[in-house]
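A short write-up of the structure that comes next.
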Amino acid sequence: MSACYNAEEVQHVQQDNSDSEEEVEDLSEEKDGEEYNPEHDESSSEEENPEAERETFLSKNGKITWSSAEYDQHGRHAEHNVIKMTPGPTRYAVSHARDIVSTFYLFITPAIEKIILKMTNLQGFRKYGDSWKKMDETDLQAYLGLLILAGVYRSRGEAAASLWDAESGRPIFRATMPLKLFHTYSRLLRFDDRESRPARRVTDKLAAIREVWDKWVERLPYLYNPGPDVTVDEQLVPFRVYAQQASKNGIKSRVACDAKSSYAWKMQVYTGKPTSGSPEKKQGMRVVLDVTEGLRGHNVTCDNFFTSYELGQQLLKRKITMVGIVRKNKPELPPALLASKEREVLSSKFAFTPTTTLVSYLPKKNKNVVLLSTLHTGGDISDRKDRKPVIILDYSRNKGGVDNLDKVIGAYSCRRMTARWPLVIFHNIIDVSSYNAFVIWREINPTWMSRKQNKRRVFLEQLGTALVIPLIERRKHVPHTEASAAVVKAIQSAGAPDQPDDPATTATSPARATENHSERRLLVPHCAYRHRAGPFFSTLWVKGMLKVRGISSMLLMWLGAVILSRQ
């Protein structure tokens, strides 16, 4: 997230938000049943409080007149903050999230898989000719599973060879596929036709992954409804070789996410200047309007790159309020509010229009921060020692939605070292999809692993393992290392009874566990491990898997539960 204050202000403005549990009365800026018109303020001027001494301030551009006194909002209704949608997973998500794998595949749809398989195989045939072995859904599923497991083991930046190492590596990687095949898939993975890309790239800088990106992004709002508070901010995915694009440090995306759960609701990739070459004007306002399309009754929190008076008025037309910090060079600000000399430290100065509240807070001598809000209609001050305005407390409470998304994704990111920026974007798609799936799964199943602190790590470990099992089941050659061979033999022996007698009924591709293994219970609740694993450990598990070194105890128990569920 872009810095909201300068270096000297941060230590004074960013405080613990534990005392900010104060309720703020939600008031609307329009009459009941009347469409909002920001230019119509005649009635507001007539509704002034005659007892208050009103002082007016003119904005820098001379177009906005601010008042030092609040406007009387008597008789108005809080329509702007009435949410029409039920927060949380949608009905479609609830009905289709049968287990962890199916929840993940709500985002990575068959249409997306089809594009990746088609373009990857096309590139494989161009490079290797007839010797190329066609990649199918099971191969792609296992490849994604290994990426997720690599993130679980925090191996981002670590050479893939160390994960496949016979002594210090993880047996599940060798048991799934050879290292050479993993590298081959990583090199050949494509999301478009490389030969037709130059023509498309003339008008679209994201042409190399545009089709996959668009199909994925449209799924995000379809599966989850955000709560009353939404955060809009920038996400930066590190990438050093990202030439010809906007940021020198990585790939920048603009994200709208739920402020409480950090569910990524809408995303846009920033591709730099338009193809015309001229800089885009009012880019921040355009981005916020794009990523909040479809919301109504919500409050949007954003930083100084996006916040402007005009944006606030445009959002009010959609019944959306806004709270954000403002850059001091904005022409809509009154100079009288920006002056900080001779002001008392920790003091606040307010300015109002019929629809907007502006506050200048002085956390340190001669240093002030300015925030703009269409949510708040009064100059309320908290009773804390720092006497922060309620506007700042609400901003601080909701501004970290995207920052938290970056934090949780970074903890178990599947990103691998690569010089191809489309692959970096695809890795981010997998990271965001797995986190969004975790949010949906956790809210649908609130009692799932309720006593565990590392729920997300267990979720990812179970997801990654379930994705690689179909490929392990059909492996013909057992790995040479004892640990990996034990994993393959245990999974294949458990899957043998499930094979149908008639070969014609065999699924051509067991890639999707929720479709081709619908009768199998791949994901057994954690509470069932200890009660059902006892008899099993007296047979194959004792002879083989207990001798394996390098497999986590959780993965060991989960594999045992999988085998038990198939017997």
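The values are calculated or read from the model by the stated rules, or taken from the named source; none is laboratory data. Quantities reported herein were computed from a predicted structural model and do not represent experimental measurements. Neighbour counts run over all protein chains shown; Cβ positions are idealised from the backbone, glycine included. With ligands, DNA and RNA removed, areas are computed over all heavy atoms of the protein, side chains included. Shrake-Rupley method; radii C 1.70, N 1.55, O 1.52, S 1.80 Å.
Of the residues making up the stretch 210-247, just one is open to solvent by 10 Å² or more (accessible area, probe 1.4 Å), at pLDDT 95 or above and of a type in the set (V, I, T), namely V217. Filtering R384, R296 for residues that are open to solvent by 40 Å² or more (accessible area, probe 1.4 Å), part of a loop (DSSP other than H, G, I, E, B) and among the basic types (K, R) leaves a single hit, R296. Test Q314 against the stated conditions and say whether it is within 27 Å of the chain's Cα centre (by Cα) and modelled with pLDDT of 95 or more. Yes, satisfied. All conditions in (1) open to solvent by less than 30 Å² (accessible area, probe 1.4 Å); (2) part of a loop (DSSP other than H, G, I, E, B) hold for F426, with the sole exception of (2). Is there a residue being under 26 Å from T90 (Cα atoms) and open to solvent by less than 10 Å² (accessible area, probe 1.4 Å) anywhere in the stretch 444-456? Looking through the stretch 444-456, none of the residues is under 26 Å from T90 (Cα atoms) and open to solvent by less than 10 Å² (accessible area, probe 1.4 Å). Beta carbons closer than 7 Å, at least 6 apart along the sequence or on distinct chains, pair a first residue in the stretch 266-295 that is farther than 20 Å from K215 by Cα with a second that is open to solvent by 30 Å² or more (accessible area, probe 1.4 Å) and small (G, A, S) for G272/A246. Checked against (1) hydroxyl-bearing (S, T, Y); (2) modelled with pLDDT under 95; (3) assigned by the TED database to the domain that holds T357, T374 meets all criteria but (2). Can you find a residue in the stretch 209-223 that is farther than 26 Å from G401 by Cβ and in contact (Cβ under 8 Å) with a residue 40 or more places away in the chain? Taking every residue of the stretch 209-223 in turn, at least one turns out to be farther than 26 Å from G401 by Cβ and in contact (Cβ under 8 Å) with a residue 40 or more places away in the chain. Restrict the check to the stretch 270-280 and report whether at least one residue is at pLDDT 95 or above and open to solvent by less than 20 Å² (accessible area, probe 1.4 Å). Taking every residue of the stretch 270-280 in turn, none turns out to be at pLDDT 95 or above and open to solvent by less than 20 Å² (accessible area, probe 1.4 Å). Of the strands (runs of 3 or more DSSP E) lying entirely inside the stretch 303-366, those carrying at least 1 residues that are among the basic types (K, R) are 348-352, 357-364. Apart from one condition, V402 fits all of (1) assigned by the TED database to the domain that holds R154; (2) touching a residue at least 24 places away in the same chain (Cβ under 8 Å); the exception is (1). Among the residues of the stretch 410-423, those identified as in a loop (DSSP other than H, G, I, E, B) and out of contact with any Lys or Arg (no Cβ under 7 Å at 6 or more places or on another chain) are C414, R416, M417, T418, A419, R420.
Can you tell me which residue in the stretch 370-381 is surrounded by the fewest Cβ atoms within 10 Å (Cβ to Cβ), limited to those that are assigned to a strand (DSSP E or B) and in contact (Cβ under 8 Å) with a residue 40 or more places away in the chain? If you could, list the steps in order and put the result at the bottom.
Here is the first cut: in the stretch 370-381, the ones assigned to a strand (DSSP E or B) are 370-373, 381.
Going one step further and asking which of them are in contact (Cβ under 8 Å) with a residue 40 or more places away in the chain, we end up with 370-373.
Details: V370: 20, L371: 22, L372: 26, S373: 25.
Across the stretch 370-381, the extreme among qualifying residues is V370.
Residue-by-condition table, conditions (1) part of a loop (DSSP other than H, G, I, E, B); (2) among the hydroxyl-bearing types (S, T, Y):
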{"residue": "S253", "(1), (2)": "no, yes"}
{"residue": "A256", "(1), (2)": "no, no"}
{"residue": "K266", "(1), (2)": "no, no"}
{"residue": "P274", "(1), (2)": "yes, no"}
{"residue": "E280", "(1), (2)": "yes, no"}
{"residue": "G284", "(1), (2)": "no, no"}
{"residue": "D290", "(1), (2)": "no, no"}
{"residue": "T301", "(1), (2)": "no, yes"}
